[in-house]
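Engineer: Mind having a look at this structure? Questions to follow.
The values are calculated or read from the model by the stated rules, or taken from the named source; none is laboratory data. Note that this is a predicted model, so its numbers are computed, not measured. A quick note on method: Cβ atoms are made from the backbone with ideal geometry, for glycine too, and the neighbour counts reach across all protein chains shown. These accessible areas exclude ligands, DNA and RNA; they are computed on the full protein's heavy atoms, side chains included. Shrake-Rupley method; radii C 1.70, N 1.55, O 1.52, S 1.80 Å.
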Amino acid sequence: MSQAPANPPPAKKAAGGRKFELSEELKAYKGVWVIVEQERGKVHTVSYELLGEARKLADKLGVEVGAVILGAPGPFINEISGEAIAYGADVVYTVLDAALAEYRTEPYSKVMTDVVNTFKPEIVLLGASTLGRDLAGAIATTLLTGLTADCTELDISPENRSLAATRPTFGGTLLCTIQTLAYRPQMATIRPRVMQMPERDGTRTGRVVEVTPNLAEDIFVTKVLDFIPDSDQEEAQLAFADIIVSGGKGLQKAENFKLVWDLAEVLGAEVGASRPCTQAGWVTSDRQVGQTGKTVRPKLYIAAGISGAIQHRVGCENSDVILAINSDPNAPIFDFAHHGIVGDALQILPALTEQFRQRRLVNRKAS
Amino acid sequence: MHIVVCIKQVPDSAQIRIHPVTNTIMRQGVPAIINPYDLFSLEEALRLKDRFGGRVTVLTMGPPMAEASLRKAMSFGATDAVLLTDRKFAGSDTLATSYALTSAIRKLHEEEPVDLVFCGKQTIDGDTAQVGPGIATRMNMQQLTYVAKIEDVNLDSREITVQRRSEGGVQVLKSRLPAMITMLEGSNSMRFGTMDDMFRAARTPLKLWNKDTCVDDEAKVGLKGSPTVVSKVFVPKPRAEKAKMIEAEGGASAQAAAAIDMLFTTYPKLANDLVR
Ligand SMILES: Cc1cc2nc3c(=O)[nH]c(=O)nc-3n(C[C@H](O)[C@H](O)[C@H](O)COP(=O)(O)OP(=O)(O)OC[C@H]3O[C@@H](n4cnc5c(N)ncnc54)[C@H](O)[C@@H]3O)c2cc1C
């Protein structure tokens, strides 16, 4: 694996978000890149969310947005390139080789290292998915540069034009802003659903640059023997649900979680939960919302019997509307929910279910 | 078989409190634990040792008090432990940390060739998931992250087959030793240590290493060796407004009715989604 350092030792390294001057060599790094994750022709939506974010950063810097698509040559590559442009890319780099058909660390990090060293982007963004985190950790090491993981906010620092990447730390108790000053590219991973999905604009145009790495398969040690798709796609549904009804420890026992399922069914919603509920086995762990679970941003998030601990909050606070039901008027969830009901969730959930059901009947009759 | 397991001592973050006046972390009295994600990797390493023999070395970089975590790991069954500690390491980010740990693993490798390195999938305090890949890249080892199951290890052909969690499914990967593995949470559960292991853990001297023991290039560790700088630490700002409370006389059903009315009038667009 090529270990060629992209970065000579920094001439002068300033601390903090202060003014500082990049070396001439590092000034050559231009543009904001997103590595578009596609697996078997399917693009992870976090990549489009990141293109929206990259667009904002690039506009502040006055540079281009680049999208990098890696994979085996195939008809869907053109389609994905078009989508990347529609979501904000100015230039798409397609890196195509049979060895890139399935994600593997070794070939992916080899070609990404070379492509970054050739085209020199100043910022490289990846989703904090299993692919993105695996690849980012590897190429930040081959490129010997800074990587900030799991960011929730990205900005350009006006003092030094560097990426200011903000992420939760200490289990979400605190936020910290991290910068990579005297090294390029600046790298960050961002969790799915943290950033807003940008508007798709089919009229946008952009260039496509084809890169053919000519990889020799026999130099790669790890082989993919098989891929077993998940039989239930529940995970994806929670992350992209428009409406989520979540239950917490306040529901007191496993049987009461049925009240959450009932309301979700009437609303066509997905069911979420706080960590104690998944740990107690009341619901499966893929339904956990929060720092160690899923980040969600539905149009409506109903939280019943959830205290609103910071680790839960970070997973749901970007929802358009949060309605909290809690018997304790001082529960922290009321600090960030938009609307609150102080009361017993065991009574309010069935009342909501019943009344939504009636409204739906009325609606059906009316239409 | 020689397996190295990298662990980290972390504060039990559920108990971290922020000083209300100074906005700084109050560390006093916060118990320190082994990063919970590391335990899945440690257990998997111990299982391989049970099956194939050999030894498991636990390695941590941290302050002298991290000794407690190493002794805990030995009490579960790890053979020996290395504490990499030096003031010069303070302020290391993930790139500098992976450099320092790799230096120590290289030294262990000279003593007895290392077949596998295990790291935690991520930590609960830093949460970066980067140190494992950093070590794999530096050691030129095969990188196998998010492993749900080790299907097979063949010490003669030096092949290893694992199931790796990826988006939308599981990859079955055939790879070769030496490899760096991070285990998925829930892939196993930590054993109870035996009485013998507990006594051994209390008695066995740790290897205390510092930068002079194994680090070649001092400029690559600590603040100096870290490309990233923390420019600001702050408490999440509370939302400007607190929740608007929905009040109604007449118990749960009146409250539910008032809530639905509120949703429909305040968010007319949402109403369509709610009663499709
Ligand atoms: C490293 C780390 C990671 C974590 N990650 C996550 C995560 O991803 N997701 C997560 O959710 N948590 C996570 N946690 C746990 C988190 O700190 C909280 O402990 C958890 O979110 C609390 O869950 P809860 O609100 O359901 O339970 P509790 O905090 O016990 O709250 C129950 C609430 O229900 C209310 N209540 C009780 N009875 C009723 C009733 N009849 N009707 C209405 N309300 C009632 C109570 O007033 C209380 O507010 C994490 C913790 C750590 C340390």
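Engineer: Where a ≥ b ≥ c are the square roots of the eigenvalues of the C-alpha gyration tensor, would you call the range A:20-227 rounded, which needs a/c under 1.5, or, failing that, prolate if a/b is larger than b/c, or oblate? Numbers along the way, then the final one.
Structural biologist: Working: a/c = 1.43, a/b = 1.32, b/c = 1.09.
The shape class here is rounded.
Engineer: Among rounded, prolate and oblate, which fits the range B:104-234 when a ≥ b ≥ c are the square roots of the eigenvalues of its C-alpha gyration tensor, a/c under 1.5 means rounded, and a/b larger than b/c means prolate? Could the numbers behind the result be given before it?
Structural biologist: On the way: a/c = 1.41, a/b = 1.16, b/c = 1.22.
Rounded shape, in that the Cα axes give a/c under 1.5.
Engineer: Can I ask one more? Once amide H atoms are built 1.01 Å from N in the peptide plane, which residues 5 or more positions from A:I178, or in another chain, come under 5 Å H to H?
Structural biologist: A:A165, A:T166, A:R167, B:S231
Engineer: Between B:D50 and B:K107, what length in nm is gained on full extension when 0.36 nm per residue of separation is reduced by their alpha carbon distance? Display every interim value, and only then the final one.
Structural biologist: Details: separation 57, 0.36 × 57 = 20.52 nm, distance 2.44 nm.
Extra length from B:D50 to B:K107 when fully extended: 18.1 nm.
Engineer: Can you give the accessible area buried between chains A and B, summed over both chains, with a 1.4 Å probe, in Å² to the nearest 100? Numbers along the way, then the final one.
Structural biologist: Details: alone 17880 and 16230 Å², together 26770 Å².
Result for this pair: about 7300 Å² buried.
Engineer: Calculate how steeply helix B:67-76 sits against the longest principal axis of the alpha-carbon atoms of chain B, using the helix alpha-carbon long axis, and give the answer as 0 to 90 degrees to the nearest 10.
Structural biologist: Tilt of helix B:67-76: around 80 degrees.
Engineer: Okay, next question. Per DSSP H run of at least 4 residues, take -39500 (n - 2.57); add these up for the protein assembly as shown, divide by its residues and hand me the 222 nm value, nearest 500 deg cm²/dmol.
Structural biologist: -9500 deg cm²/dmol, from helical runs alone.
Engineer: OK, next. Let me confirm one metric for peptide B:161-167, namely the mean number of other chain beta-carbon atoms within 10 Å of its residues' beta-carbons.
Structural biologist: 6
Engineer: Next question. Under a straight-distance cross-link criterion of Cα-Cα below 14 Å, which aspartates and glutamates are reachable from A:K223, leaving out those fewer than 8 residues away in the same chain?
Structural biologist: Partners found: A:E102, A:E106, B:E159.
Engineer: In straight Cα distance, which lysines are under 30 Å from B:K244, not counting same-chain residues fewer than 8 positions off?
Structural biologist: Partners found: A:K249, A:K253, A:K258, A:K294, A:K299, B:K269.
Engineer: Each residue of the range A:320-325 in turn: what ³J(HN,Hα) in whole Hz from Karplus with 6.51, -1.76, 1.60 and θ = phi - 60°, glycine and Pro shown as x?
Structural biologist: 4, 10, 10, 10, 10, 10
Engineer: What are the ³J(HN,Hα) values, in whole Hz, obtained from phi via the Karplus relation 6.51 cos²θ - 1.76 cosθ + 1.60 with θ = phi - 60°, for each residue of the range B:113-125 in sequence order, with x given for Gly and Pro?
Structural biologist: Result, ordered by residue: x, 8, 8, 9, 10, 10, 10, x, 4, 6, 10, 8, 9 Hz.
Engineer: Angle, helix B:251-266 long axis vs. longest principal axis of chain B, Cα atoms, 0 to 90°, nearest 10?
Structural biologist: 90 degrees
Engineer: Still on this structure: Going by the alpha-carbon gyration tensor, a ≥ b ≥ c the square roots of its eigenvalues, is the range B:2-220 rounded (a/c under 1.5) or, if a/c is not under 1.5, prolate (a/b greater than b/c) versus oblate?
Structural biologist: It is rounded, given that a/c, with a ≥ b ≥ c, falls under 1.5.
Engineer: Can you give the mean number of other chain Cβ atoms that lie within 10 Å of the Cβ atoms in peptide A:352-358? Mind showing how you got there, number by number?
Structural biologist: Details: counts 7, 1, 4, 6, 5, 1, 3.
Per residue, the number of nearby Cβ atoms from other chains is 4 on average.
Engineer: Still on this structure: Any idea how far the Cα center of the range A:227-292 sits from the one of the range A:22-44, in Å?
Structural biologist: So the separation of the two Cα centres works out to 35 Å.
Engineer: Leaving out ligands, DNA and RNA, and with a 1.4 Å probe, what % of the accessible surface on chain A is carbon or sulfur?
Structural biologist: Carbon and sulfur: 51 percent of the exposed surface of chain A.
Engineer: Per the Kirkwood definition applied to all pairs of different Cα atoms, how many angstroms is the hydrodynamic radius of the range B:170-268?
Structural biologist: One decimal place: 22.9 Å for the Kirkwood radius.
Engineer: Hey, another quick one. Go through the range B:46-59 residue by residue and turn each phi into a ³J(HN,Hα) via Karplus (6.51, -1.76, 1.60, θ = phi - 60°); whole Hz please, and just put x for glycine and proline.
Structural biologist: Taking θ as phi minus 60°, the curve returns 5, 5, 5, 5, 4, 7, 10, x, x, 9, 10, 9, 8, 10 Hz for the range B:46-59.
Engineer: Near the amide H of A:K30, under 5 Å away, which other amide H atoms are found, from residues 5 or more places off or on another chain, if H is placed in the peptide plane?
Structural biologist: A:E122
Engineer: On average, how much accessible surface per residue is there in chain B, in Å², for a 1.4 Å probe, leaving out ligands, DNA and RNA?
Structural biologist: That works out to 45 Å² for each residue.
Engineer: Give me the inter-chain shielding for A:182-190: mean count of other chain Cβ atoms within 10 Å, whole number please.
Structural biologist: 2
Engineer: Go through B:244-256, B:29-41, A:207-219, A:123-135 and give me the packing order, highest mean Cβ count within 10 Å leading.
Structural biologist: On the way: B:244-256: 15.8, B:29-41: 19.5, A:207-219: 12.3, A:123-135: 26.5.
So the order, starting with the most tightly packed, is A:123-135, B:29-41, B:244-256, A:207-219.
Engineer: Using the alpha-carbon atoms, what tilt in degrees (0 to 90, nearest 10) does helix B:94-111 show relative to the longest principal axis of chain B?
Structural biologist: Result, in degrees: 30.
Engineer: Kindly provide the Kirkwood hydrodynamic radius of the protein assembly as shown in Å, to one decimal, from all pairs of distinct alpha carbon atoms.
Structural biologist: Value: 26.0 Å, from the Cα pair sum.
Engineer: Which residues, if any, in the range A:224-273 have at least 30 Å² less accessible area in the whole protein complex than in the isolated chain, probe 1.4 Å?
Structural biologist: A:L225, A:D226, A:F227, A:I228, A:D230, A:I243, A:L267
Engineer: To continue, here is another question. Carbon and sulfur: what percent of chain B's accessible surface (1.4 Å probe)?
Structural biologist: That fraction is 53 percent.
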